[in-house]
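*Asks:* This is the structure, below, for whatever I ask next.
The values are calculated or read from the model by the stated rules, or taken from the named source; none is laboratory data. What you see is a predicted model; the values in this text were computed from it and never measured. So basically every Cβ, Gly included, is an ideal-geometry build from the backbone, and we count neighbours across all protein chains shown. Keep in mind that these areas ignore ligands, DNA and RNA; they rest on the heavy atoms of the full protein, side chains included. Shrake-Rupley method; radii C 1.70, N 1.55, O 1.52, S 1.80 Å.
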Amino acid sequence: MFGLLALAWASLGTGGEANAAPATFVQEAAGETRVRQILVEGNERYSDSQLVGATGLASGDVLSQEELDRALEVLFETFRVRAEFFVREVGDGSEVDLLLRVAELALDLEPRFVGNRNVSTEEVWSWAGLAPGSQVYLYQAASIRERLLGAYRREGYTFVEVNVVERPGGIDEATGAELAPDVIFEIKEGPRVRVREVKLHGNTFEPDRGFLFLKKGISKLADVELRGPWYFNLFAKKYVAEELDGDVVALRQVYRDYGFLDAVVKVERLEFSEKRDWVTIHIAIDEGPRYTVGSVSVEAIEVVTDPAAPERQLERPQELIFPEEELLGRLEVKVGDFFLSLNRQADERALRTFYAENGYIDHPSLPASDRWRFFDPILTFDQERPVVHVNYRITQGRQQFIREVRIRGNAHTQDRVIRRLITVEPGDVADPREIERARQRIQGTSFFSDPRNLLDHREPTYRYVATEDPNWKDLEFIVEEGQDLTFNISGGVSSNLGAFGVISMTKRNFDILDPPSSFGSLIPEVAARRAFNGAGQELRIQASPGTERSFFDIYFREPDVFYRHVDRISLSLNANRRLRIFRSHDEERERLGFSLGRQIGADSSFFAGYYFGEIDVDDLDAGGEPGFTTPFSVPSILKAQEGKNDLAYFDLGYSRNTLDSRISPRNGSSMRLSAELYDDTWGSDFDFVKTEFAFDWYDEFDDTRPGWSDRYHLGLRGGAADAFGNSDNVPYTERYFLGGQRTLRGFDFRGVGPYELGLPIGGE
């Protein structure tokens, strides 16, 4: 039987005799019952065709309870009408007529908000969750009122009242006129309450002291939101009950963290001013005793399924793999010390790290029986004194070894490009720290990152894949090809560079041995990663015309020339030409060279290279001996370098890079130390040496690694140059200058350092 409404259909409005058969006449066993026609009654705002069309039902459809239920839901979501279906059997019962009886909900076309004085009507509409001019059904009024109350209270209006005045509509008995439904939200805002003071009663541990940024004490430790204003009521906090509740919980948690396990923190009273626009909050604290550690133990357990009740888990003791004394020696919680939450957390990290170093690991891809896990410790309290006995409980899982290292998802990138970044080898004990470092190296290439699609693009990750032996797992790194081709056209005006334009193309996962099938298909095949892609090389081409600086630069790097995989040798080629127009002179520089690098370990390398070119200094403002008509207007060190000179040097250095991303690093560090030796032996007109150091460090200070969090960056730069041999000074163009956006913000370009004749001469 269809579970349709068992109500008689009295009339279809067609003048026909009523058929009093109930809805349950329709027999499922009799075969398919089809709809002959659908009639509608009770509708005023919406036409029959609108309502029937929304149901999705039509003449000839097979009648089913599921379709009728779905149609009723669609009608309410679409037109906000409550509806019922009634059926009447036709003929032999193989067809039925459907009556859709609707009741349209009362609708106010122009809801009103009155009484809001401090908050604009536009803001009130937003708080109500409505757009200005929206229609409101009367049944929505209660939820809108609650949203308004919540929003006002979050802004400090503690005493706000919102009343709803509803008129359902109908006919005016006196005049006979039709009355439309009406909803009015009457708002009584009351004063906006601010916090005068928060008084803590009963706190002797870490009492609040200090002022402004030098404040210390329990409130600082709890990082409370509500506090009194600064001098002259500056930066007064608005009173929000939810924030006060959060502060109470935070204070209570701080006491727990510092060993006051019985501490009670609660709001004692709220003391409002006469005008109720200021409040003094009184919080009562009963600290109780501070607990010390009576004993510490580590227990291994095994979690198994209860045979009698498969939905229930049982714990049974297990023998520790490592001696308990060795484990206890790694813990921060010691007998006789105060029981601190920070020490308990440190103990979890210490146990987790120690077991992980030995192959007992915890990872979501592992089955529960193989995982190492840390459970909340069991705390046993002494009945006569404030002493707690701490029992750490762990499941040790199984020791894991790596059988194979697999890579998945690199549709265009060669396996060797990724494998040379992975230092985990088949047969190794699974070490999560080394595996994570390998994952970070893969991510740091930026081959598998997409800065334009941070939400949907998946960064490199890994998982363990089960094998026939539960102690052996395949390690699978999962990557998703990222955005490795960047083409940019830009321009601007800078206090350092004047007006300029930049055209650049960078291909980070380049393959010079993978040309396109034809010249005409170059662009589409490169864009689709079917050409010049997948070997891990880098190609960068830049051109920048400008009013004060112009340059052209081409750079190519192959990180593994001889396919060594380990201890690989890299090759870098670079050619550039630069023109820089200064106030005192022009510099035109050309350079061509190469560099070879030798990888030492996974993150470090030594490099050596040779570069040669020339520097042309001309268009000096003036020069020569000073005189009445020809004042000496440029520094002598600059005048001495006028004309063309050759520059050639050997470059030696060391670099180390553990950054998690080349484009937008958030964790890790990079360091580079180099020495450039200019000597006439290999074609330089000047003899000098430059030694430079660069260091960058990034950290989020967050082990949970959310999608976005604060990051901190420390950068250091240093350099020194010294002339020798046939040169008395480091040439002017190769000296160091400070000032400007890229070297020292807030100062003019090259505006820091020694001057001669009003022009900067830099330093060594």
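*Asks:* Has region 268-289 got at least one residue that is in contact with a Phe, Trp or Tyr (Cβ under 9 Å, 6 or more places away or on another chain), hydroxyl-bearing (Ser, Thr, Tyr) and crowded, with 17+ Cβ neighbours inside 10 Å?
*Replies:* no
*Asks:* Here's another thing I want to ask about it. Out of the residues in region 665-684 that are out of contact with any Lys or Arg (no Cβ under 9 Å at 6 or more places or on another chain) and outside any strand (DSSP E or B), which is least open to solvent (accessible area, probe 1.4 Å)?
*Replies:* Taking the candidates together, the pick is Ser684.
*Asks:* Scan region 236-243 and tell me whether some residue there is in contact with a Phe, Trp or Tyr (Cβ under 9 Å, 6 or more places away or on another chain), assigned to a loop (DSSP other than H, G, I, E, B) and open to solvent by 30 Å² or more (accessible area, probe 1.4 Å).
*Replies:* no
*Asks:* Looking only at residues in region 204-220 that are assigned to a loop (DSSP other than H, G, I, E, B) and either touching a helix residue (DSSP H, G or I) at 6+ places or on another chain (Cβ under 6 Å) or open to solvent by 70 Å² or more (accessible area, probe 1.4 Å) (or both), which one is modelled with the highest pLDDT?
*Replies:* Thr204
*Asks:* Let me ask another. Please work out which residue is modelled with the lowest pLDDT, limiting yourself to region 723-764 and to residues that are in contact with a Lys or Arg (Cβ under 8 Å, 6 or more places away or on another chain) and assigned to a strand (DSSP E or B).
*Replies:* Looking at the filtered set, the residue picked out is Gly740.
*Asks:* For region 444-473, enumerate the residues that are within 16 Å of Gln399 (Cβ to Cβ) and among the β-branched types (Val, Ile, Thr).
*Replies:* Thr467
*Asks:* Working only within region 568-585, note down all residues that are open to solvent by 60 Å² or more (accessible area, probe 1.4 Å), in a strand (DSSP E or B) and charged (D, E, K, R).
*Replies:* Within region 568-585, Arg577, Arg578 qualify.
*Asks:* Find the residue count for region 63-89, including only residues that are open to solvent by less than 60 Å² (accessible area, probe 1.4 Å), assigned to a strand (DSSP E or B) and at pLDDT 80 or above.
*Replies:* So the first thing to find is which residues in region 63-89 are open to solvent by less than 60 Å² (accessible area, probe 1.4 Å), and the list is 63-65, 68, 71-72, 74-76, 79-81, 83, 85-88.
Now narrow it down to the ones that are assigned to a strand (DSSP E or B): 81, 83, 85-88.
From what is left, the residues that are at pLDDT 80 or above are 83, 85-88.
Adding up the residues that qualify gives 5.
*Asks:* Here's another thing I want to ask about it. List the number of the failed condition for Tyr360; all other conditions in (1) of a type outside the set (A, V, I, L, M); (2) at pLDDT below 95; (3) in a loop (DSSP other than H, G, I, E, B) hold.
*Replies:* Result: Tyr360 passes all but (2).
*Asks:* Then there is this: Pick from region 516-530 the residues that are out of contact with any Leu (no Cβ under 9 Å at 6 or more places or on another chain) and among the small types (Gly, Ala, Ser): which of them is most open to solvent (accessible area, probe 1.4 Å)? Outline the logic, then answer.
*Replies:* Initial filter on region 516-530 (out of contact with any Leu (no Cβ under 9 Å at 6 or more places or on another chain)): 517-525, 528, 530.
Within this subset, residues satisfying the condition of being among the small types (Gly, Ala, Ser) are 517-518, 520-521, 528.
Numbers: Ser517: 99, Ser518: 56, Gly520: 71, Ser521: 22, Ala528: 38 Å².
Filtering region 516-530 for residues that are out of contact with any Leu (no Cβ under 9 Å at 6 or more places or on another chain) and among the small types (Gly, Ala, Ser), the one most open to solvent (accessible area, probe 1.4 Å) comes out as Ser517.
*Asks:* Answer with yes or no whether Glu225 is more than 30 Å from Phe260 (Cβ to Cβ) and in contact with a Lys or Arg (Cβ under 8 Å, 6 or more places away or on another chain).
*Replies:* no
*Asks:* Criterion first (modelled with pLDDT under 95 and touching a Phe, Trp or Tyr at 6+ places or on another chain (Cβ under 7 Å)) does Asp456 satisfy it?
*Replies:* So Asp456 does not fit the description; no.
*Asks:* Shifting gears a bit: Taking the criterion of being modelled with pLDDT of 90 or more, more than 21 Å from Asp484 (Cβ to Cβ) and open to solvent by less than 60 Å² (accessible area, probe 1.4 Å), would at least one residue in region 557-567 satisfy it?
*Replies:* There is no residue in region 557-567 that is modelled with pLDDT of 90 or more, more than 21 Å from Asp484 (Cβ to Cβ) and open to solvent by less than 60 Å² (accessible area, probe 1.4 Å).
*Asks:* Evaluate region 382-398: report whether one residue or more is without any contact (Cβ under 8 Å) to a residue 40 or more places away in the chain and under 28 Å from the mean Cα position of the chain (by Cα).
*Replies:* no
*Asks:* Shifting gears a bit: Starting from residues that are part of a loop (DSSP other than H, G, I, E, B) and without any contact (Cβ under 8 Å) to a residue 60 or more places away in the chain, keep the ones in region 531-556 and report whichever is surrounded by the most Cβ atoms within 10 Å (Cβ to Cβ).
*Replies:* So, considering only residues that are part of a loop (DSSP other than H, G, I, E, B) and without any contact (Cβ under 8 Å) to a residue 60 or more places away in the chain, the one surrounded by the most Cβ atoms within 10 Å (Cβ to Cβ) is Phe532.
*Asks:* Do we find a residue being touching a residue at least 40 places away in the same chain (Cβ under 8 Å) and of a type in the set (S, T, N, Q) anywhere in region 115-137?
*Replies:* Residues of region 115-137 that are touching a residue at least 40 places away in the same chain (Cβ under 8 Å), as a first pass: 115-119, 124, 128, 136-137.
After this cut, where a residue has to be of a type in the set (S, T, N, Q) as well, the list is 116, 118.
There is at least one residue in region 115-137 that is touching a residue at least 40 places away in the same chain (Cβ under 8 Å) and of a type in the set (S, T, N, Q).
*Asks:* Every residue in region 291-328 that is under 39 Å from the mean Cα position of the chain (by Cα) and among the basic types (Lys, Arg), please.
*Replies:* Matches in region 291-328: Arg312 only.
*Asks:* Take the residues in region 257-267 that are touching a Phe, Trp or Tyr at 6+ places or on another chain (Cβ under 6 Å) and touching a residue at least 60 places away in the same chain (Cβ under 8 Å), then tell me which one is surrounded by the most Cβ atoms within 10 Å (Cβ to Cβ).
*Replies:* Filtering region 257-267 for residues touching a Phe, Trp or Tyr at 6+ places or on another chain (Cβ under 6 Å) gives 259, 261, 263.
So of that shortlist, the ones also touching a residue at least 60 places away in the same chain (Cβ under 8 Å) come out as 259, 261.
Values: Gly259: 21, Leu261: 17.
Among residues in region 257-267 that are touching a Phe, Trp or Tyr at 6+ places or on another chain (Cβ under 6 Å) and touching a residue at least 60 places away in the same chain (Cβ under 8 Å), the one surrounded by the most Cβ atoms within 10 Å (Cβ to Cβ) is Gly259.
*Asks:* Also: For region 107-130, which positions are open to solvent by 30 Å² or more (accessible area, probe 1.4 Å) and modelled with pLDDT under 85?
*Replies:* Listed by number, the residues that qualify are Leu109, Glu110.
*Asks:* So which residues in region 737-764 are surrounded by fewer than 16 Cβ atoms within 10 Å (Cβ to Cβ) and charged (D, E, K, R)?
*Replies:* Result: Arg742, Arg745, Asp748, Glu756, Glu764.
*Asks:* Given the criteria over 20 Å from Arg36 (Cα atoms) and out of contact with any Leu (no Cβ under 6 Å at 6 or more places or on another chain), does Val124 qualify?
*Replies:* Taking the combined requirement at face value, the residue satisfies it.
*Asks:* Which condition number does Phe701 fail, the rest of (1) open to solvent by 30 Å² or more (accessible area, probe 1.4 Å); (2) touching a strand residue (DSSP E or B) at 6+ places or on another chain (Cβ under 6 Å) being met?
*Replies:* Result: Phe701 fails condition (2) only.
*Asks:* Can you tell me which residues in region 349-373 are basic (Lys, Arg) and under 16 Å from Glu324 (Cα atoms)?
*Replies:* Residue satisfying the conditions is Arg352 alone.
*Asks:* OK, next. Out of region 131-154, which residues are open to solvent by 70 Å² or more (accessible area, probe 1.4 Å), modelled with pLDDT of 90 or more and out of contact with any helix residue (DSSP H, G or I) (no Cβ under 9 Å at 6 or more places or on another chain)?
*Replies:* Arg145, Glu146
*Asks:* Would you check which residues across region 586-604 are open to solvent by less than 20 Å² (accessible area, probe 1.4 Å) and touching a Lys or Arg at 6+ places or on another chain (Cβ under 6 Å) and list them?
*Replies:* The answer is Glu587, Ser604.
*Asks:* When only residues in region 397-418 that are crowded, with 19+ Cβ neighbours inside 10 Å and among the polar types (S, T, N, Q) count, which is nearest to Thr353 (Cα to Cα)?
*Replies:* That would be Gln400.
*Asks:* Check Arg316, Arg385 and return the single one that is part of a loop (DSSP other than H, G, I, E, B), farther than 30 Å from Pro426 by Cα and either open to solvent by 60 Å² or more (accessible area, probe 1.4 Å) or at pLDDT below 95 (or both).
*Replies:* None of the others qualify; the one that does is Arg385.
*Asks:* Right, next: When you scan region 636-653, do you find a residue that is open to solvent by 50 Å² or more (accessible area, probe 1.4 Å), farther than 30 Å from Ser449 by Cα, modelled with pLDDT under 90 and assigned to a loop (DSSP other than H, G, I, E, B), even just one?
*Replies:* The answer is no, given that none of the residues of region 636-653 is open to solvent by 50 Å² or more (accessible area, probe 1.4 Å), farther than 30 Å from Ser449 by Cα, modelled with pLDDT under 90 and assigned to a loop (DSSP other than H, G, I, E, B).
*Asks:* Restricting attention to region 37-48, and to residues there that are at pLDDT below 85 and either buried (at least 16 other Cβ atoms within 10 Å of the Cβ) or of a type outside the set (Asp, Glu) (or both), which single residue is farthest from Ala103 (Cα to Cα)?
*Replies:* Of everything passing the filter in region 37-48, Ser47 is farthest from Ala103 (Cα to Cα).
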